[in-house]
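Asker: Here it is, the structure in full.
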Amino acid sequence: MMIVMKPTATEEQIEAVVERVQSVGARAHISRGAELTLIGAIGDRELVARLELEGAPGVEEVVPISRPYKLASTQLKAGQRSVFEISGRRVGGDNFTLIAGPCTVESRDQTLETARIAKEGGASMFRGGAYKPRTSPYVFQGLGQEGLRLLAEAKEITGLPVVTELLDVRDLEPVLEVADVIQLGARNMQNYPLLAEVGRSGRPALLKRAVSATLDELLMAAEYILKEGNDQVLLCERGIRTFETSHRRATLDLMAVPVLKELSHLPVIVDPSHAAGRRDLVGPLSLAAAAAGADGIIVEIHPAPEEAICDGPQQLRADSFAEYAAQVERAAGLAGKALSTV
Ligand code: PEP
Ligand code: MN
């Protein structure tokens, strides 16, 4: 249920509604807009309905949230979009967040060189995997804690916030030491205990859509993080599995951008690299995503992609990143967004 307070509602009246919502074991999620305060009552619908909050002091109206996801829904915020401040970068709203870096952390030189180029090219954040979800168990699985140390060094030198994947809940603590944003990969989109743990950690999360997940399923997965009191979830479209096989990997579902923004107030990030699997497709997909109103892009870049340990064919040459970033910035401008850097 959504309780819309009157513009004249006092703090005491808001507090009284929150207390009544909580008295039946429901969670009260307050959003304060310029004029109205909304209180989302998330819990047993019947019990909340029995509180008969219509007509209570300060209450304008009580409206049901019809979607199965509550905290992720646009209905929770009556159309206002979420804007986050993540380690000095604004994400969402009029801001475009360009996250760039290698698929995986391979060595000190490769990591620091890529981070320097990302920074110089205007990236908002740096990405790189220390724990890699590989299709084959017989190939490189990431540098683990050593990789995290290299990411920390890259952050120290460039000042770029770090996005890195958490694969296993047992690695949460070391990942929290360096990650400004925890990436939850496509393969883990429905790993609910992992999502809940990241929710409890309070760290911003980048939640990738699984290759066969619907947008409703993605939003239900986001709900697992939000439900733990962690508001900072970035949704990520990274390509889905379709019957089309003429390109290398997945089909980038660009419609997900406007549709997710219709369904949810959360920022929407696009990953053209894992959708395309091919470097030459990454540029056009990025421009399309930015122009379609994506709140950001996460893209793979590497100083020498032919030598990359994984995802070489899709990683942009790091020396082309500055030009790529300038083009993406122009496309984002068409959607009214400016690159988020400090
Ligand atoms: C990645 O970003 O490196 C990655 C493995 O992505 P996904 O989970 O989308 O496959
Ligand atoms: Mn990759």
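The values are calculated or read from the model by the stated rules, or taken from the named source; none is laboratory data. Please read all numbers here as calculations on a predicted model, not as lab measurements. Positions of Cβ are generated from backbone atoms using ideal geometry, with glycine treated the same way; all protein chains shown enter the neighbour counts.
Asker: Being within 16 Å of ligand 2 (Cβ to nearest atom), surrounded by 15 or more Cβ atoms within 10 Å (Cβ to Cβ), under 26 Å from THR111 (Cα atoms) and modelled with pLDDT under 95 narrows it down to one residue among ARG249, ARG238, ARG279; which is it? Spell out the reasoning first.
Answerer: Values: ARG238 fails: modelled with pLDDT under 95; ARG279 fails: modelled with pLDDT under 95.
Sole residue among the options that is within 16 Å of ligand 2 (Cβ to nearest atom), surrounded by 15 or more Cβ atoms within 10 Å (Cβ to Cβ), under 26 Å from THR111 (Cα atoms) and modelled with pLDDT under 95: ARG249.
Asker: Could I ask something else about it? Considering only the stretch 206-227, state which residues are away from ligand 2 (no atom under 16 Å from the Cβ) and in contact with a Cys (Cβ under 7 Å, 6 or more places away or on another chain).
Answerer: First, the residues of the stretch 206-227 that are away from ligand 2 (no atom under 16 Å from the Cβ): 207, 212-227.
The one that is away from ligand 2 (no atom under 16 Å from the Cβ) and in contact with a Cys (Cβ under 7 Å, 6 or more places away or on another chain): LEU207.
Asker: OK, next. What pairs come out if I take residues in the stretch 179-202 that are modelled with pLDDT under 95 and pair them with residues that are near ligand 1 (Cβ under 8 Å from one of its atoms) and not in a loop (DSSP other than H, G, I, E, B) whose C-beta lies under 7 Å away, six or more apart or interchain?
Answerer: Note: no pairs meet the criteria.
Asker: With respect to ALA130, determine if the residue is within 15 Å of ligand 1 (Cβ to nearest atom), at pLDDT 95 or above and within 30 Å of LYS261 (Cα to Cα).
Answerer: No: the conditions fail for ALA130.
Asker: Let me ask another. Only one residue in VAL48, VAL62 is touching a residue at least 60 places away in the same chain (Cβ under 8 Å) and crowded, with 18+ Cβ neighbours inside 10 Å. Which one?
Answerer: Step by step, each of VAL48, VAL62 is checked, and only VAL62 is touching a residue at least 60 places away in the same chain (Cβ under 8 Å) and crowded, with 18+ Cβ neighbours inside 10 Å.
Asker: Could you tell me whether any residue of the stretch 129-149 is of a type in the set (Lys, Arg), over 25 Å from GLY92 (Cα atoms) and within 16 Å of ligand 2 (Cβ to nearest atom)?
Answerer: Yes, some residue in the stretch 129-149 is of a type in the set (Lys, Arg), over 25 Å from GLY92 (Cα atoms) and within 16 Å of ligand 2 (Cβ to nearest atom).
Asker: Restricting to the stretch 218-234, count the residues that are free of Cβ contacts under 8 Å to residues at least 60 places away in the same chain and either in the same structural domain as GLY25 (by TED's automatic domain parsing) or not in a helix (DSSP H, G or I) (or both).
Answerer: Within the stretch 218-234, residues that are free of Cβ contacts under 8 Å to residues at least 60 places away in the same chain and either in the same structural domain as GLY25 (by TED's automatic domain parsing) or not in a helix (DSSP H, G or I) (or both) number 3.
Asker: Kindly provide the set of residues from the stretch 76-107 that are away from ligand 1 (no atom under 16 Å from the Cβ), more than 19 Å from the chain's Cα centre (by Cα) and either modelled with pLDDT of 95 or more or not small (Gly, Ala, Ser) (or both), ordered by number.
Answerer: Within the stretch 76-107, just SER107 meets the criteria.
Asker: Can you say whether ALA292 is within 26 Å of ARG116 (Cβ to Cβ), in the same structural domain as LYS227 (by TED's automatic domain parsing) and either away from ligand 2 (no atom under 12 Å from the Cβ) or among the aliphatic types (A, V, I, L, M) (or both), as far as the supplied structure shows?
Answerer: no
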